Amino acid sequence: MSQNLFQDSPGDYVLNHYAFDPVAFLRDFWQKRPVVIRQAFIDFQDPISADELAGLSMEAGVDSRVVSRFAGNWDVEHGPIADFSKLGEENWSLLVQAVNEHYPPAQELLRAFRFLPDWRIDDLMVSYSTPGGGVGPHLDQYDVFIIQGTGSRRWQVGEPGEHVTHCPHPDLKQVAEFSSIIDEVLAPGDMLYIPAGFPHAGDTTHEALNYSVGFRAPSQAELISALADYALEHDELQHRFQDRIDLLLNASKTELADHEPWHLPPEIVAECRNLMLAALNNEQLLHKVCAELFSKNPRPPLPEWPAQPYTASGVLYACQRFEILVKAVGVRMITTTIDEQLFAVVQGHWYPLDSDAEALFGILCDMTDFAETPEIIDYLTSEKARTLLCGMLNEGLFILTNDDESEN
């Protein structure tokens with residue numbers, strides 16, 4: 001089932017400032033304690049229906065799963081989900097990852113969380129649960145906001161600690177029962193914030209839709225891996241290990257040292273550590289590594305390359321020939337400054353910006369799925385602005401089209 005890119009959103013999603021103060025929240029709760037915010041969204045309207053969510057789960061390339069429990073036995077079915085009729089009316093949940101990337105109207109919900117940087121947001125996971133449905137008590141290694149849509153769910157949250165994990169199914173990791181510090185039933189528009197490492201469980205009391213806004217938090221291993229990948233790709237960090245003669249010879253340097261040839265002494269480990277520390281002390285290199293990491297979607301967008309490459313000198317004419325500029329699903333865009341030069345970094349591609357190009361970047365970054373080209377043309381005033389758009393068109397991350405073509 002293909003989605004209409006130009007479907008209207010149910011409306012703007014704005015956090016209720018009477019219920020939620022982002023300054024107080026960041027100061028008192030963010031990455032510290034879980035909290036329930038009643039009526040965080042007033043008159044909350046689901047950006048997607050249960051039927052539309054089921055339709056998404058039937059598509060190849062969409063990360064979805066059904067978690068069910070019947071007669072005490074847990075089961076997990078990964079998408080595409082072909083048949084829901086066998087599941088019955090209770091004790092199962094459908095979970096679909098990155099709904100914001102597959103269903104553009106759902107992207108609007110993420111805008112409410114821009115009191116945190118865009119590059120911290122991972123995705124919007126949407127779940128539909130029947131009465132009794134859930135995934136059991138578990139831990140997440142990321143911060144998450146859970147928004148209650150249609151229906152209601154009871155949420156329990158415990159303290160972090162050494163929780164024993166088990167797998168009632170090979171694809172389902174749970175923790176043992178825990179004592180609750182939060183035990184609340186959420187109604188539509190309510191929101192629960194859970195920091196990483198706090199055990200939690202959701203039990204469905206009535207048929208329900210929930211929206212989970214997850215935040216990206218790379219581990220040390222992921223950061224070091226990104227550094228290694230960048231260094232290998234760009235031939236950086238080529239300084240190699242060198243032997244220490246003082247370890248190979250005796251103190252007077254007249255004979256070979258008395259040690260077994262298969263033994264690795266701690267001094268050599270220290271030398272390797274110094275090599276790695278020298279790499280980590282290269283601040284400009286780390287800046288580039290972090291910028292590329294945070295500008296890349298871990299679920300890479302599917303590019304749609306132009307039949308013929310655009311040129312910076314011809315991109316203005318191209319925009320005049322087409323009605324609509326479409327943004328590829330899942331494009332990540334950030335800016336950063338190196339040596340006093342502002343850059344756009346889009347899916348790992350770098351573009352220097354001036355004030356005109358920066359203004360264009362803001363428009364393109366804020367696009368949910370498409371914009372009419374007359375809105376874009378006004379920003380193509382400088383060479384850097386035209387180069388920015390040209391580069392992203394040639395990478396297939398933005399697509400020029402006409403309204404009738406986009407609907408086919």
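Would you confirm whether any residue within the stretch 344-352 is aromatic (F, W, Y), under 30 Å from Y230 (Cβ atoms) and either free of Cβ contacts under 8 Å to residues at least 40 places away in the same chain or surrounded by fewer than 19 Cβ atoms within 10 Å (Cβ to Cβ) (or both)? Yes, that holds for at least one residue. Has the stretch 248-255 got any residue that is surrounded by 13 or more Cβ atoms within 10 Å (Cβ to Cβ), out of contact with any Phe, Trp or Tyr (no Cβ under 8 Å at 6 or more places or on another chain) and over 30 Å from P47 (Cβ atoms)? Scanning the stretch 248-255, I find at least one residue that is surrounded by 13 or more Cβ atoms within 10 Å (Cβ to Cβ), out of contact with any Phe, Trp or Tyr (no Cβ under 8 Å at 6 or more places or on another chain) and over 30 Å from P47 (Cβ atoms), so the answer is yes. Going through the stretch 156-182 one residue at a time, which ones are touching a residue at least 60 places away in the same chain (Cβ under 8 Å), part of a strand (DSSP E or B) and of a type outside the set (V, I, T)? Result: P168, H169, L172. In the set (1) out of contact with any strand residue (DSSP E or B) (no Cβ under 7 Å at 6 or more places or on another chain); (2) over 26 Å from A60 (Cβ atoms), the condition left unmet by Y103 is number (2). For D12, are the conditions met, namely being in contact with an Asp or Glu (Cβ under 7 Å, 6 or more places away or on another chain), modelled with pLDDT under 95, surrounded by fewer than 16 Cβ atoms within 10 Å (Cβ to Cβ) and more than 21 Å from I181 (Cα to Cα)? Considered against the rule, which asks whether it is in contact with an Asp or Glu (Cβ under 7 Å, 6 or more places away or on another chain), modelled with pLDDT under 95, surrounded by fewer than 16 Cβ atoms within 10 Å (Cβ to Cβ) and more than 21 Å from I181 (Cα to Cα), D12 comes out as yes. Residues of the stretch 112-134 that are surrounded by fewer than 20 Cβ atoms within 10 Å (Cβ to Cβ) and either assigned to a loop (DSSP other than H, G, I, E, B) or at positive phi (or both): R114, F115, L116, P117, P131, G132. With respect to (1) closer than 25 Å to F70 by Cβ; (2) crowded, with 21+ Cβ neighbours inside 10 Å; (3) of a type outside the set (G, A, S), the lone exception for V157 is condition (1).
Within the stretch 18-32, the set of residues being closer than 14 Å to F145 by Cβ and either touching a Leu at 6+ places or on another chain (Cβ under 9 Å) or touching a residue at least 40 places away in the same chain (Cβ under 8 Å) (or both) comprises F20, P22, F25, L26, F29, W30, Q31.
Could you check the stretch 288-371 for strands (runs of 3 or more DSSP E) lying wholly inside it with 3 or more residues that are modelled with pLDDT of 95 or more and hydroxyl-bearing (S, T, Y)?
333-338
L109 meets the conditions (1) buried (at least 19 other Cβ atoms within 10 Å of the Cβ); (2) part of a loop (DSSP other than H, G, I, E, B) in every case but one. The failed one is (2). Could you say whether any residue in the stretch 285-294 is over 19 Å from R120 (Cβ atoms), assigned by TED's automatic domain parsing to the domain that holds L247 and surrounded by fewer than 14 Cβ atoms within 10 Å (Cβ to Cβ)? Within the stretch 285-294 (the criterion being over 19 Å from R120 (Cβ atoms), assigned by TED's automatic domain parsing to the domain that holds L247 and surrounded by fewer than 14 Cβ atoms within 10 Å (Cβ to Cβ)), the answer is no, since none of the residues qualifies.
For first residues located in the stretch 79-95 and farther than 14 Å from Y128 by Cα, partners that are of a type outside the set (A, V, I, L, M, F, W, C) and not in a loop (DSSP other than H, G, I, E, B) and lie 6+ apart or on another chain with Cβ distances below 9 Å form the pairs G79/S57; G79/S64; G79/R65; P80/S57; P80/S64. Please work out if E108 is closer than 22 Å to N297 by Cα, touching a residue at least 40 places away in the same chain (Cβ under 8 Å) and acidic (D, E). Yes, satisfied. Screening L109, L87, L95 for residues that are in contact with a strand residue (DSSP E or B) (Cβ under 9 Å, 6 or more places away or on another chain), closer than 16 Å to Y13 by Cα, at pLDDT 90 or above and of a type outside the set (K, R) leaves exactly one candidate, L109.
Among the residues of the stretch 192-208, count how many are buried (at least 22 other Cβ atoms within 10 Å of the Cβ) and in contact with a Phe, Trp or Tyr (Cβ under 6 Å, 6 or more places away or on another chain). Break it down into steps so the answer makes sense when it comes.
Taking the stretch 192-208 first, the residues buried (at least 22 other Cβ atoms within 10 Å of the Cβ) are 192-194, 198-199, 202, 204, 208.
Among the residues that remain, those that are also in contact with a Phe, Trp or Tyr (Cβ under 6 Å, 6 or more places away or on another chain) are: 192-193, 199, 202.
Of the residues in that region, 4 qualify.
For E260, are the conditions met, namely being modelled with pLDDT under 90, over 30 Å from A98 (Cα atoms) and either of a type outside the set (S, T, Y) or surrounded by fewer than 11 Cβ atoms within 10 Å (Cβ to Cβ) (or both)? In short, yes. Please state which one of L277, L302 is touching a residue at least 12 places away in the same chain (Cβ under 8 Å) and not assigned by TED's automatic domain parsing to the domain that holds D123. Of L277, L302, the one residue that is touching a residue at least 12 places away in the same chain (Cβ under 8 Å) and not assigned by TED's automatic domain parsing to the domain that holds D123 is L302.
The values are calculated or read from the model by the stated rules, or taken from the named source; none is laboratory data. Here the structure is a predicted model, which is why all the values come from computation and not from measurement. Glycine also receives a Cβ, built like all others from the backbone with ideal geometry; neighbour counts cover every protein chain displayed.
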